[in-house]
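Scroll down for the structure; my scribbles are underneath it.
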């Protein structure tokens, strides 16, 4: 399976989705509260409605990360400007069951940028004058 360029998906809590499916499938007389936003996402929406965020499609989550799918030592060997596959992920906590889950997953194209070293501090893999080995 190849993850195509432009891959971009949003998710709800998988535990609550499964529970809702089982309730429906087994025809149980039970209801679940709707859960389309994680706990921190809901808090972010509350702050947004107060006007304390930058607006637009701003979203708050437990954690977000993005970057190339490669380790730093290998990145140093790739020429600057080369485009390689990367990822973007956002996670949150379900306010109903407490599960930490991915709310958003996407493929990005990461462009290798030049590494800038600060004078006197050594490179990323170089010596650090504040700690001795």
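Brief remarks follow.
- Distance (nanometres) between label positions extended 7 Å along Cα→Cβ at residue 100 and residue 12: 2.3 nm
- Shape class for region 49-96: prolate, because the ratio a/c of the largest to smallest gyration tensor axis (alpha-carbon atoms, square roots of eigenvalues) is 1.5 or more and a/b beats b/c.
- Cβ-Cβ distance of residue 107 and residue 32, R₀ of 30 Å, FRET efficiency by 1/(1 + (r/R0)^6): the value works out to about 0.45.
- Between the beta carbons of residue 5 and residue 76, assuming R0 = 22 Å, the FRET efficiency works out to 0.30 to the nearest 0.05.
- Kirkwood Rh in Å, taken over all unlike Cα pairs in region 1-70: 15.5 Å
Quick note: the coordinates plus some simple rules give every number you see, no bench work behind them. As the structure is a computational prediction, the values presented were derived from the model and not from experiment. Virtual Cβ from ideal backbone geometry, glycine too; neighbours counted across all protein chains shown.
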